[in-house]
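The values are calculated or read from the model by the stated rules, or taken from the named source; none is laboratory data. From a predicted model like this one, the values you see are computed outputs, not experimental measurements. Note: ideal-geometry Cβ built from the backbone for every residue, glycine included; neighbour counts use all protein chains shown.
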Amino acid sequence: MTENAHGSAELTRTQRILRAIEPLIYARRTLTMAILVVATLLLAWQMVQIRRDAGFDKSIPLEHPYMQVLKQYMAEFGGANTVLVALIQKDGKGDIYNEKFLRSLKQATDELFFLPGVDRSRVSSIFTPDVRYIEVVEGGFSGGNVIPADYAPTQHYFDVVRANVGKGGHVGRYVAKNQDGAMIYSELLEVDPVTGEKLDYEKVARGLEEKLRGHFMNPKKYIYKLKKDQGPLKAGSVVGEGYVDYGWKLALQSFEVADPKGGEGAPPIKVSGTQVSYDTVDNPDYNPDLSVHIVGFAKVVGDVIDATMQVVLFFLLTLVMTLILLWLYVGSFKLAILPLICSVTAVIWEFGLLRLMGKGLDPFAILVPFLILAVSVSHGVQYVNAWVGEITMNRRNSFDASLETWRRLAIYGTMAIMTDVVGFALIGLIPIDIIREMALNATLGMAAIIITNKVMMPIMLTWVDIGDPVAFQDKQDKRDSVFDPLWRLISNMVSPKPAIVAILIGAALFGWSLWKGEGLQVGDSQAGVPELLPDSRFNQDMAAINRNFTIGTDIFKIVAEMDADSCVRYDMMEQIDRFDAHMENTVGVQGILSLPWAAKQVNSAFSEASPKFRVLPRNQQVMVQAITPIPTSSGLLNANCSALAVFVFTKDHTAATLERIVEKTKAFNVDNAKEFYETHPDVNDKYCADKLQARRDVGAARVKLDKYVEKLKKQKHGIGESELQADKAVQALQKDADAAKEKFASFDKACPVNFALATGNVGVMAATNEEVHRLERPILYIVYAGIIVCVFLSFFEWQSIVSIMLPLALVSFMAYAVMTILGIGMKVATLPVVALAAGIGVDYGIYVYATLADAAAGGFKMRDAYFKTLKLTGKAVVFTGITLGIGVATWLWSGLQFQRDMGKLLVFMFTANMFGAILLLPAIASFLIKPKELAPGEEPVFKPRH
Amino acid sequence: MHKNKPGRAFWRRTLLALLLGSGVSLALAQDEGGAGKPLIKPRPSEILPLTPKSLLLDIVRNDGRLFAVGERGAIIVSANGRDWAQVQVPVRATLTAIAFADARNGWAGGHDASILHTSDGGRSWTLQNFKPDLEKPVLDLLALDAQHAIAVGAYGLMLSTADGGQTWNEVDTLGFDPDELHLNAIAKLANGDLFVAGEQGLLAYSTDQGQTWTKQESPYEGSFFGVLPRGASGALIYGLRGNVYVSEDARSGKWTALDTGTVDSMFGGAQLGERDVLVGLNGAILVVAADGSVQRLRAEAGTPLSGIVGVNGNEVLAVGESGVQGVKLSAHP
């Protein structure tokens, strides 16, 4: 093998590099440390200013074709960012047709309408004018708003409203199935169209709790008053009122008050919750008969944020448990606290750097810091462990031990962390912004670990006073020998027979994992929101809405695309009608709503409500008659009738349901086009595909323009229309948009209706699922490729790759099987974790392999070499695996379902990787590494090969 | 507030841009009947699992089996009223009526003036008539025997055959229906007379198997949707807003209004022994006893019903917007 010659050349170079860096750390360690402390303080200051940054858009794969459809039709058919508010009478309180309920419903509709961030054109309840009814009378039909204009709270009008609800067919949609509740539909605008400002979800969620839930459900109302003068505001002046009892969390709230001195447009004064006291008065709008149920992305974000405090507590708990276990392990509090200091510092750096880069922390990424913590603890323990080893085995002092440890572990440790960095960074290839943010976040954290564990830790160790060296060494020796029998037992793993057994078991587990992992669900595998506990208020609200209304919270919208004014054409409408039937006949679909469906209702109404006329009329004039009563505000059609939305209401949003809808739609498009070409010989597949692309380009060009204008508006508040028109880039984008439009217009022949996937909240899920499904394996493989390169660069030998990667791969595949068994779906939140956890596994592998290979190269027999490895690095691996496993196990009691799920997954990953590293890795390595042949009388020596 | 008088073909063809005010502005395509007019050809129906739960418009029993027809060329068959199988037919138009002449021969009709025929007891169906350009749906069918049948429909449509449907001839109805009103239903009374009920109170009868028709003065200006034979020579007619009339002698034109206690329009009906059962809007079911007393029921779904058939004893199957629904009537008084 040329490796030895090559290796020895490498050795000196590596040593030269190490020797060159050493002085930076050790020569002026007080100065270095001082710089690090200052940097940490600065970054800590940055960290405390970090803002939470939730977003709907960033949780969706914007480049996915479905999402391009969503963006193209956003203005007409809305997005997917809905908020549903249901007011439901409590049991035994009767139906909704009474003064109290209807008053509350009207107030709630108004409150939602005026809630900042809500798209006012998309607020809809029986109190809004878009909700109508039609009724057949002799010789025609009449129609109007469900709530008459002259409504007054009398029994007569209650009966009228009840009758109108029935005539309009609103039972199940706007009114609960058994008429004891009512729904308000609304949609949020993620970016304010005037100011270009991004929506503050926390504020929206708080608004929903205050104005919608608290307003009607809390018997009390709170008037907040200033305790002391603040600026122009006098003590005792009212700064706000609310309906939610915050308790001690009031201190975390803030109030915005208009500046009495400032003129129009002056920024409001912010008053902290600590500055106010409050009076409790009776809530005049309290309605003891009803309960309010709110669902929507904004509420999920709000609930996750509410649970942040708990998540932080769990982090602290994990930290404390780690500390205690470390203390027990090294027998010295001083030493135990060092890895924790380094880990916490790394997290501070991570957040500080994130903030410096202008990013916020997404509530759904709150687990990333823990991964950083975990990796850092793993490295810290190795370091402290090796340092103690230097003192006890080689009888060195603190400083020398630190230096020696650094020389031995700096390369391996840094390479292991680099491996993690590469792995984490590669996850950023997934084109979903939230995952990219997580990747960036984790990469920054990993970079910070290199500083804290390879610079701070060595310096701190030089200052550790071990007291009487001999006593310390004795104590450690004694502690160490306790586990010697265990290590000796495990060291058998490198003997041929146990090794073969271990490899066979590994292979069997691998096969089992492949088989079991097949059942892994992409997306959600249960009803409700998987981030929150099944019995959380949100999921209860969701269940209540799904129980009481036929049209639930899961909406899949498909856009039927055709030429302008095509909704008066029977041959076009018929295709959509038939598509409706195919959708209705899909398992998991609860109902549909579309323009053809509505047109059939109207056509029947025009024919004295006869069900025999519940058809689409072939006659164009009759068709006009049938669709005219349906306004664009219904969200069923756009202004020129070139696109219709087909609402598909699903029973749930499990991946299986979504897949069926997607498959059916795709198949229908193909079959429908084939039929169409038979009767329309002037067009063909190619022509229509080009036409569709031209159509999509129009949308893309417009979205680009809008996005840019939005950006300009955000940069420059109050920018005028003329100023916008004068902008060069705007002009260029406008030109592109016009060109695209012109090109599309040149396709003047009618094509079959194209059923474009997809919008609606479930449509977004479908796109996300597809993206996750498409990328989960490739990303894992890319991450593995990155890790392999790094492992190779660490050792320059293929044996290292095989020995380290096989156990790692086994654990990754087992993780899929475990997810299947636990019912955890593969989704945006879990995809990075599986890949990231591979990063933690690789640390274990590198430390164990490095020492084992070094010992073998020094002439130790395999079994002795592995025994030595276990004592030097193996026990730290075992300790880390157990400690982190116990630490994350506490997450199983978290109030967030996804933290529980992650907890389960991580417990598995930490411990399984640990077993893989100390049982399977040596078994594989025992067949690949040959100990150096010793000359007669030569003693084996242990020293790092580089 | 929309108010208009629908119904007549004349209206339909002239009622235009006036309506275009509200949401949409539509350029009415000028190419009507022009070169761009797409070819219309009948397409086979699609077998869909939920057909028994979707819009069904008529139901009959024949030779021990139940047949229901409805949306998108649906014909479903059942032996027990619970398990249904869909039969593929060569047309996708919505079918509104089905009638059998004997155990083997029957017809189903519907939109696009579609008429399907079976000569094997409903196992297979052939398309005998398909005229989408007519823009007139068949609304009811009367099978007199294996050779003779009459179909009635919208805008005064009447088709008849004397050769088992080899040829369907358009019957001129302007004599009794000068305004081209919808002919909603046709039935054969016990004395052999044929009776037609239609839009805006239209009533007509034929004493010669449909050769000639006599218009009758109507007791009601609203539309009738159905007619059932009653007694030796009487009839029961039902229609808009819960209006039901009976006559012991249909030719006489003397009708007695029944107190139905509902304003729900009645769209379908069947004789069930001594009783007549009518179904209509909002799932309304009326049971009319021999003495003219009316009992009101409501099908569970509460959606419009269009047809009904007795199954056994007091059980009936109603069809409508929510497909087939079983309803139990109270025991015979």
Pick from A:F101, A:F114, A:F158, A:F127: which is surrounded by 15 or more Cβ atoms within 10 Å (Cβ to Cβ), free of Cβ contacts under 8 Å to residues at least 60 places away in the same chain and more than 14 Å from every other protein chain (Cβ to nearest Cβ)? A:F127
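Scan region B:274-333 for residues that are hydroxyl-bearing (S, T, Y) and crowded, with 24+ Cβ neighbours inside 10 Å and jot them down. Steps first, answer last, please.
Kept after step one, since they are hydroxyl-bearing (S, T, Y), are these residues of region B:274-333: B:293, B:303, B:306, B:322, B:330.
Matches in region B:274-333: B:S306 only.
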Restricting attention to region A:679-706, which residues are without any contact (Cβ under 8 Å) to a residue 12 or more places away in the chain and under 30 Å from A:V587 (Cα atoms)? A:A689
Taking the condition buried (at least 16 other Cβ atoms within 10 Å of the Cβ) and among the aliphatic types (A, V, I, L, M), does A:L208 pass? yes
I need the full set of residues from region A:312-324 which are surrounded by fewer than 20 Cβ atoms within 10 Å (Cβ to Cβ) and closer than 25 Å to A:R479 by Cα, in order please. A:L319, A:V320, A:M321, A:L323, A:I324
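Could you pull out every one of the strands (runs of 3 or more DSSP E) wholly within region B:217-271 that has 2 or more residues that are within 14 Å of chain A (Cβ to nearest Cβ)?
Qualifying strands (runs of 3 or more DSSP E): B:224-230, B:234-239.
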Of the residues that make up region A:514-533, is at least one of a type in the set (S, T, N, Q), under 25 Å from the mean Cα position of the chain (by Cα) and part of a helix (DSSP H, G or I)? no
I'd like to check something: does region A:237-247 contain any residue that is in a loop (DSSP other than H, G, I, E, B) and either more than 33 Å from the chain's Cα centre (by Cα) or among the β-branched types (V, I, T) (or both)? yes
Only one of (1) within 8 Å of chain B (Cβ to nearest Cβ); (2) of a type in the set (S, T, Y); (3) under 38 Å from the mean Cα position of the chain (by Cα) does not apply to A:S610, and that is (3)
For region B:185-204, does any single residue satisfy the condition of being farther than 25 Å from B:E135 by Cβ, charged (D, E, K, R) and within 14 Å of another protein chain (Cβ to nearest Cβ)? no
Which residues, taken from region B:84-122, are part of a loop (DSSP other than H, G, I, E, B) and of a type in the set (F, W, Y)? B:W84
Identify the single condition in (1) modelled with pLDDT under 95; (2) surrounded by 24 or more Cβ atoms within 10 Å (Cβ to Cβ) that B:N80 does not satisfy, given that it satisfies every other one. (2)
Just a yes or no: is a residue in region A:331-347 buried (at least 19 other Cβ atoms within 10 Å of the Cβ), under 14 Å from A:F472 (Cβ atoms) and not acidic (D, E)? yes
From the list B:T118, B:T173, pick out the single residue that is modelled with pLDDT under 95, away from every other protein chain (no Cβ under 14 Å) and crowded, with 17+ Cβ neighbours inside 10 Å. B:T173
Looking only at region A:613-643, how many residues end up being over 24 Å from B:D112 (Cβ atoms), within 9 Å of chain B (Cβ to nearest Cβ) and not in a loop (DSSP other than H, G, I, E, B)? 4
Looking at region A:211-223 only, could you name the residues that are buried (at least 21 other Cβ atoms within 10 Å of the Cβ) and outside any helix (DSSP H, G or I)? A:Y222
Quick check: is even one residue across region A:50-66 in a loop (DSSP other than H, G, I, E, B), of a type in the set (G, A, S), in the same structural domain as A:H293 (by TED's automatic domain parsing) and out of contact with any Lys or Arg (no Cβ under 8 Å at 6 or more places or on another chain)? no
Residue among B:D145, B:D140 that alone is surrounded by fewer than 22 Cβ atoms within 10 Å (Cβ to Cβ) and either more than 21 Å from B:I76 (Cβ to Cβ) or modelled with pLDDT of 95 or more (or both): B:D145
Residues that are surrounded by fewer than 18 Cβ atoms within 10 Å (Cβ to Cβ), among the small types (G, A, S) and not in a loop (DSSP other than H, G, I, E, B), drawn from region A:732-752: A:A732, A:A739, A:A745
Conditions (1) small (G, A, S); (2) touching a Ser or Thr at 6+ places or on another chain (Cβ under 9 Å); (3) part of a loop (DSSP other than H, G, I, E, B): number failed by B:G81: (2)
I'd like to check something: does region A:561-576 contain any residue that is in contact (Cβ under 8 Å) with a residue 40 or more places away in the chain and more than 14 Å from chain B (Cβ to nearest Cβ)? yes
Kindly indicate whether B:G310 is more than 14 Å from chain A (Cβ to nearest Cβ) and either assigned to a strand (DSSP E or B) or small (G, A, S) (or both). yes
Evaluate region A:177-199: report whether one residue or more is within 14 Å of chain B (Cβ to nearest Cβ), part of a loop (DSSP other than H, G, I, E, B) and without any contact (Cβ under 8 Å) to a residue 12 or more places away in the chain. no
Flag if B:A232 is in contact with a Pro (Cβ under 7 Å, 6 or more places away or on another chain), under 27 Å from B:L194 (Cβ atoms) and without any contact (Cβ under 8 Å) to a residue 60 or more places away in the chain: no
